[in-house]
1. Rounded to the nearest 500, what is the 222 nm mean residue ellipticity of the chain from helices alone, with -39500 (n - 2.57) per DSSP H run of 4+ residues and division by all residues?
2. For segment 1-93, divide the Cα radius of gyration by the Kirkwood radius and give the resulting Rg/Rh value with two decimals.
3. What three numbers, in Å, describe the spread of the alpha carbons of segment 2-41 along their principal axes, ordered from the longest?
4. Can you pull out the trypsin sites (Lys or Arg not before Pro) in segment 53-139 whose DSSP state is coil and whose Cβ has at most 14 other Cβ atoms within 10 Å?
5. Using alpha-carbon positions, what is the distance between the centroids of segment 35-72 and segment 17-32, in Å?
6. Quick one: accessible area per residue over segment 14-101, 1.4 Å probe, rounded to a whole number of Å²?
7. If you roll a 1.4 angstrom probe over the protein chains with everything in place, what fraction of the accessible area of segment 1-95 belongs to carbon and sulfur, to the nearest %?
8. In segment 4-77, which chymotrypsin sites (Phe, Trp or Tyr not before Pro) are in a loop and have at most 11 other Cβ atoms within 10 Å, using DSSP for the loop call?
Amino acid sequence: LEASARQNEALFHQLAENYPGSVVTLFGKGFRIEYIGGHSMGTVNLDAAHMVGSCLFDHYDDARCAELRQLYQGTWEGRSTAFDWEFNGRTFEVIVLPLRNGPGGEVSHLLNVSQDVTERRALERWAREQQSLLEAIAHN
């Protein structure tokens, strides 16, 4: 059983480290970072050795912490959430999933998957601007 658990943990780490353009974080109670890794760690200057064991809120000023508390509201009660988050000059689409101790069990961890969408959001803004320009030309 212990060998199987270690194998599953190694598989999880391998998946997180190789998921393109991402940072994957596993939070325990109190938003303690139990794992953080991913393809985009270096892009935004994150150091797993410095972060594991710390609280999410140790890494932000009061205003950002208040914003995070609002965004994560309800996750420990079992609700998933998704939002965009600006960090170190990059835009991430963040999905937070509550992980339960078995079916119907209490939430024991939060899985946070952050996908770097900086270029996609820039293209979306450009497309909206072009659409507005075309509409303005069409109405003149």
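The values are calculated or read from the model by the stated rules, or taken from the named source; none is laboratory data. Just so it is clear, the model here is predicted, and its values are computed rather than measured. Reconstructed Cβ throughout: ideal geometry from the backbone, glycine too, with neighbour counts over all protein chains shown. The area values use the complete protein model at the heavy-atom level, side chains included, leaving out ligands, DNA and RNA. Shrake-Rupley method; radii C 1.70, N 1.55, O 1.52, S 1.80 Å.
1. Details: 4 runs with 52 residues, N = 140.
Taking each H run of at least 4 residues, the total per residue is -12000 deg cm²/dmol.
2. Numbers: Rg = 14.2 Å, Rh = 14.6 Å.
Taking Rg over the Kirkwood Rh, I get 0.97.
3. In descending order, the Cα extents are 31, 27, 8 Å.
4. Those that pass, being in a loop and sparsely packed, are Arg79.
5. Segment 35-72 and segment 17-32 have Cα centres spaced 9 Å from each other.
6. On the way: 4830 Å² over 88 residues.
Here the residues of segment 14-101 average 55 Å² of exposed surface.
7. Values: 2940 of 5700 Å².
Summing carbon and sulfur atoms, their accessible area is 52 percent of the total for segment 1-95.
8. Values: sites: Phe12, Phe27, Phe31, Tyr35, Phe57, Tyr60, Tyr72, Trp76; in loops: Tyr60, Tyr72.
Of the chymotrypsin sites (Phe, Trp or Tyr not before Pro), not one in the loops of segment 4-77 has a Cβ with at most 11 other Cβ atoms within 10 Å.
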